[in-house]
Amino acid sequence: GLLSNLAVRLLDRAGTGGFLEAVCVFILMVYGAVCFAVFVAAFVMMILRWYRSVHSNEGYLTNTLPASIHGIIWSRLLTAALYFVLCFVLLALSVLLMTASRSLLINIREFFAAVFSYRFTADDRQMAGLLFAAMGVAVLWAAAKFLLFFASVSVGHAFSNHKAGWSVVVYLLMQAAFT
């Protein structure tokens, strides 16, 4: 984030063309790729944690614990949600670092001061309720997608050969069936 902040500031000051501008653009492209890679890594970790905790040698220990299958699934869902929430927080902090300036920090402080001193009307409360409902729907959608990935990995690993390939095929079939 800080390096991208520097690149943006240098691009504002630099003229068109030149080596410095190319380096700044490259830094911003890498920043975007890293932001995308963070979420891909969280997605891969979610699938790997499910595979390892249910279908590998570690799965033997998980399945012999005195825990219900519902408890195991809920623990994997909560872990996956935690990965994505942490990725979102880190991305938000990174973007804040990238755009950080003295005036931005002053504006953020003034924004929160205004929010805490504002008297909310009935319409404001309804909008807040709609916002929380939309966030709830997003959480349920994400949980459904996580469960779809978990199910496809589990069904794919029921086959004797090409377990990962079958997991992908099962995911595509389940995705087509449920949409």
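Just the number, please: Stokes-Einstein D of the range 104-155 in µm²/s, Kirkwood Rh from C-alpha pairs, 20 °C, 1.002 mPa s. My calculation gives 151 µm²/s for D. Please give the length that would be gained between F120 and N161 if that part of the chain were fully extended, namely 0.36 nm times their separation in residues minus their C-alpha to C-alpha distance (nm, one decimal). In short, 8.7 nm is gained. The relative contact order of the range 1-67, computed from alpha carbon pairs under 8 Å that lie at least 6 residues apart in sequence, is 21 percent.
Accessible area per residue for the chain, computed on protein heavy atoms with a 1.4 Å probe, is 71 Å². Charge tally around L48: other residues with Cβ under 14 Å, Lys/Arg +1 each, Asp/Glu -1 each, net +3. Using the average count of surrounding beta-carbon atoms within 10 Å as a protection proxy, the listed peptides 41-51, 2-12 rank, highest first, as 41-51, 2-12.
Once phi is turned into ³J(HN,Hα) by the Karplus curve 6.51 cos²θ - 1.76 cosθ + 1.60 with θ = phi - 60°, what whole-Hz value does each residue of the range 140-155 show in order, with x for glycine and proline? Couplings: 5, 4, 5, 4, 5, 5, 4, 5, 5, 5, 4, 5, 5, 5, 5, 5 Hz. Taking all Cα-Cα distances within the chain, those exceeding 24 Å account for 60%.
Around the amide H of H157, modelled in the peptide plane, lies no amide H under 5 Å away from a residue 5 or more places distant or on another chain. With contacts taken as Cα pairs under 8 Å and at least 6 residues apart, the range 91-179 reaches a relative contact order of 16 percent. The range 91-179 has equivalent-ellipsoid semi-axes of 45, 21, 8 Å, by the square roots of 5 times the alpha carbon gyration tensor eigenvalues, sorted largest first.
Sort 169-179, 72-82 by the packing proxy (mean of other Cβ within 10 Å over each peptide's residues), most packed first.
Numbers: 169-179: 11.8, 72-82: 15.7.
Top to bottom by mean Cβ count within 10 Å: 72-82, 169-179.
What order do you get for 117-124, 153-160 when each peptide is scored by the mean count of other beta carbon atoms within 10 Å, highest first?
On the way: 117-124: 8.2, 153-160: 15.4.
The densest-packed peptide leads the list: 153-160, 117-124.
The mean sequence distance of close C-alpha pairs (under 8 Å, at least 6 residues apart), as a share of the length of the chain, puts its relative contact order at 22 percent. Within the set of other residues whose C-beta is less than 12 Å from the C-beta of T79, count the net charge using Lys and Arg as +1 and Asp and Glu as -1. Net charge in that neighbourhood comes out at +3.
Here the range 1-105 exposes an accessible surface that is 76 percent carbon and sulfur, computed with a 1.4 Å probe and the other protein chains kept in place.
The values are calculated or read from the model by the stated rules, or taken from the named source; none is laboratory data. Nothing here was measured: the structure is a model prediction, and the numbers come from that model. Here the Cβ is made from the backbone with ideal geometry for all residues, glycine too, and neighbour counts use every protein chain on show. Areas reflect the complete protein model, heavy atoms only, side chains present, ligands, DNA and RNA absent. Shrake-Rupley method; radii C 1.70, N 1.55, O 1.52, S 1.80 Å.
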